[in-house]
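Below: one structure, written as structure tokens.
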């Protein structure tokens, strides 16, 4: 069996075992899942990018070094890998959703409408489209918009549209349970439920998108228009968005969100476990329903280039399974980064006295007016220098409960959820920046530090002010 097939089998096996443990508390399943993860990492390590290798090894090495002071190196590694298992479920779930999302006529129509907007409202529409496609389908939704930032788009316009995409997409971490950051933070902050923070998160996400549009209008649009030597090619009129399209999308999102949140709130399962239970059968049913459908045109002149997708329902399900099996090994980088970050968090948490750390924090940040912006500034700055936000979140939540910060747990969770998206946009090594870099051909450093960092820093200050007011209002106790 080829190495990639073995890796895929190991990953899918550990996902199944993690679900079994979550449902029935089978300790043996956890140990076998940890063994599968370790074997997956060893098999895929040689094919991982050197930078990801270096960062993952450094994080794990520092964690082991810190862990030897208290609990021992082996215990630190095992506990870190154990904590990583639920988040690998989320990566796999997104992989299941990518195939049918990329072939859905209704979602592709949304893409065509966003692409073909006139310049006066294009930025706002693209940001909103990236947001709502992303909150349901993660990077699979963002990938639907990539034709806008291809090589045939003039560079100034490509940068503006790229900003609209990634900033609208990143705002989703403020509330969508299908984002890795949201799932990590809600799992790491004790006692915070998704329904408790979602209403505020939706409001903050729309605020972020509004700020992105205003930032572009005030500082970027005029300069980009001056730099352009020629007008972009007209793509023709946007296709109509019918009631059928709206109904299909509402049914998709309502079913996916509804069943997942029912498991989260009804059975008290974690978001990663709930989505991992829902995503495979949902994706298979969706793929079979799409069999023989025609796709909307993507030709610049608007001509119909559509063709049937797949011949039969049975065949469509088989193709989806094969696609998932082929793509699973590509999760190597995320797996190693999360494993390294969790090992680091476990090691440092075991080496430090939580009471002493809490006392020191309370002395430095004596009230929420100081604590909230300090927390968000630290998360933002560590992201900008290259650390993925998962490192910061794991460290903070491993060492300090929200009460030690003097902040209501939902406010602490919301601060990190908002800043996860802004931090990944400003981190050169995040999946979002690397993805957009591959599409546009621009450096991931430029995308992180020139496209996104100025906006991310600005909006972080505004979000901190809003969350301070919410904390002082006593809405969350």
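Every read-out reported here was derived from the displayed coordinates using simple, explicitly stated rules and does not represent laboratory data. Remember, predicted model here, so these are calculated numbers, not experimental data. Virtual Cβ from ideal backbone geometry, glycine too; neighbours counted across all protein chains shown.
Here 259, 126 are placed in order of increasing Cβ neighbour count within 10 Å, fewest first, which gives 259, 126.
Work out how much length residue 241 to residue 443 would gain on full extension: take 0.36 nm times their residue separation and subtract the Cα-Cα distance, in nm to one decimal.
Net length gain for the segment: 69.2 nm.
Taking packing as the residue-averaged number of other Cβ atoms within 10 angstrom, the listed peptides 153-162, 83-92 run from highest to lowest as 83-92, 153-162. Ranked by the mean number of other Cβ atoms within 10 Å per residue, highest first, peptides 107-117, 460-470 order as 107-117, 460-470.
Give the distance, in whole Å, between the Cα centre of segment 127-178 and the Cα centre of segment 23-37. Going from one Cα centre to the other spans 36 Å. When only alpha carbons are used to place a centre, segment 419-476 and segment 335-368 end up 22 Å from one another.
Descending by average beta-carbon neighbour count within 10 Å, the peptides 250-257, 173-180 line up as 173-180, 250-257, the highest first. What the Cβ-Cβ distance of residue 146 and residue 378 gives, at R0 = 35 Å and to the nearest 0.05, is a FRET efficiency of 0.60. Note on residue 219 and residue 28: with the Förster distance fixed at 51 Å, the Cβ-Cβ geometry gives a FRET efficiency of about 0.35.
If the segment from residue 75 to residue 265 were pulled out straight at 0.36 nm per residue, it would be longer than the present Cα-Cα gap by 65.2 nm.
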